[in-house]
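Contents: one structure, followed by commentary.
The values are calculated or read from the model by the stated rules, or taken from the named source; none is laboratory data. Fair warning: this is a prediction, and the values are worked out from it, not measured in the lab. Quick reminder, even Gly has a Cβ in these numbers, built from the backbone with ideal geometry, and neighbours come from all protein chains shown. SASA here: full protein model, heavy atoms, side chains in, ligands and nucleic acids out. Shrake-Rupley method; radii C 1.70, N 1.55, O 1.52, S 1.80 Å.
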Amino acid sequence: MHSPPTNSAANRRGIWMMVGAMAGFVVNDAIVKHVSEGMPSAQLIFLRGALASLLVLGMACALGVRRQLRHALHPRVASRAAVDACATVMYLLSLFHLPLGNATAINLAAPLFMVVFAVWFLKERPGAARWLAVAVGFAGVLCVVQPRSDGFNAWALLCLAGTLFHATRDLLTRRIDPAIPSIVVTLSTAVAVTLLSGAMSLAQGWQPFAPVQLAWLAAASVFLVAGYFLIIQCMRQGEVSLTAPFRYSALLFAVVLGYLVWGDVPNAWAWCGIALLVGSGLYVVHDQRGRTARAQRLALEAQTD
């Protein structure tokens, strides 16, 4: 399995890309939630996906990688796109039947799976600090979303399967040839999600929509594409076990956006969870700086011997 070499600079970029990707996904979700009040879900996802696909195609042409678009059908790229599309459908189907808090908590278990996968398949050695950060971050997620016991059922298992697929998607990203541009991988993902949601929309049915709804979905597609691209870049550069805990930043963005748009004010438990999330992220950064300093010191000692 291909696992590109990493260094402190690549890890720092990976962390920022993960945070940026989470911000893009959260803003996209907020817009979709607003539009979903007047449009069937499958139709909405299809329209958003079609707009995102057109946007990515235009970006690929502008970047001069038109001749490399054929790599969107490369087996590893296509398999990653298929896994991502299945993960999206599983999550959405479960979300329709679960309390939002339960679905969010289950979906944000992905960093736990990602660290395990990084150890098993990428042979990374995360160390106790990263394991602790992931565990503390997940505890923070539970404090914020406060899932209800009556929400755990067969749909919760489907949501868990979708979370496993999301973690698998990120693992598969590391297997893709670095020579294939990330924008091509992004296009493959956008098209796969569009095709699958289009098939679902045929069964669910369509209804007329207003131009303003299409405009909102166009805006959502911009943030969705940004999230797709940044998460792909993150998985191709930084260590998976290092960047995984920063996926929890999505919840922080969601809390801020929920307050600014819907006036949702976190309760005491939620504030405790936010403190745990921020603390786990800062702890990972501190631990990584310590690792980098030790590596530099050992390298300097080796040169002087």
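Some points to look at:
- Here ALA128, ALA154, ALA133 are screened, and the one residue that is open to solvent by less than 30 Å² (accessible area, probe 1.4 Å) and small (Gly, Ala, Ser) is ALA133.
- Residue list for segment 136-151, restricted to those being at pLDDT below 80 and surrounded by 22 or more Cβ atoms within 10 Å (Cβ to Cβ): VAL145
Conditions (1) open to solvent by 30 Å² or more (accessible area, probe 1.4 Å); (2) assigned to a helix (DSSP H, G or I); (3) in contact with a Phe, Trp or Tyr (Cβ under 6 Å, 6 or more places away or on another chain); (4) not acidic (Asp, Glu), marked per residue:
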| residue | (1), (2), (3), (4) |
| --- | --- |
| LEU160 | yes, yes, no, yes |
| ARG169 | no, yes, no, yes |
| ARG175 | yes, no, no, yes |
| PRO178 | yes, no, no, yes |
| VAL184 | no, yes, no, yes |
| ALA190 | no, yes, no, yes |
| VAL193 | no, yes, no, yes |
| LEU196 | yes, yes, no, yes |
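- Matching option when the condition is open to solvent by less than 50 Å² (accessible area, probe 1.4 Å) and more than 22 Å from ALA110 (Cα to Cα), among ALA81, ALA50, ALA23: ALA50
- Qualifying positions in segment 110-125 - assigned to a helix (DSSP H, G or I) and open to solvent by 80 Å² or more (accessible area, probe 1.4 Å): TRP120
- Any hit, segment 88-104, residues being within 22 Å of ILE183 (Cβ to Cβ) and open to solvent by 20 Å² or more (accessible area, probe 1.4 Å): yes
- Single condition GLY64 does not satisfy, out of (1) assigned to a helix (DSSP H, G or I); (2) open to solvent by 20 Å² or more (accessible area, probe 1.4 Å): (1)
- For segment 126-158, the set of residues classified as of a type in the set (Phe, Trp, Tyr) and in a loop (DSSP other than H, G, I, E, B) consists of PHE152 only.
- Of the helices (runs of 4 or more DSSP H) that lie entirely inside segment 203-305, those containing 3 or more residues that are surrounded by fewer than 17 Cβ atoms within 10 Å (Cβ to Cβ) span 211-237, 249-262, 268-304.
- Single unsatisfied condition, LYS33 versus (1) buried (at least 17 other Cβ atoms within 10 Å of the Cβ); (2) within 20 Å of the chain's Cα centre (by Cα): (1)
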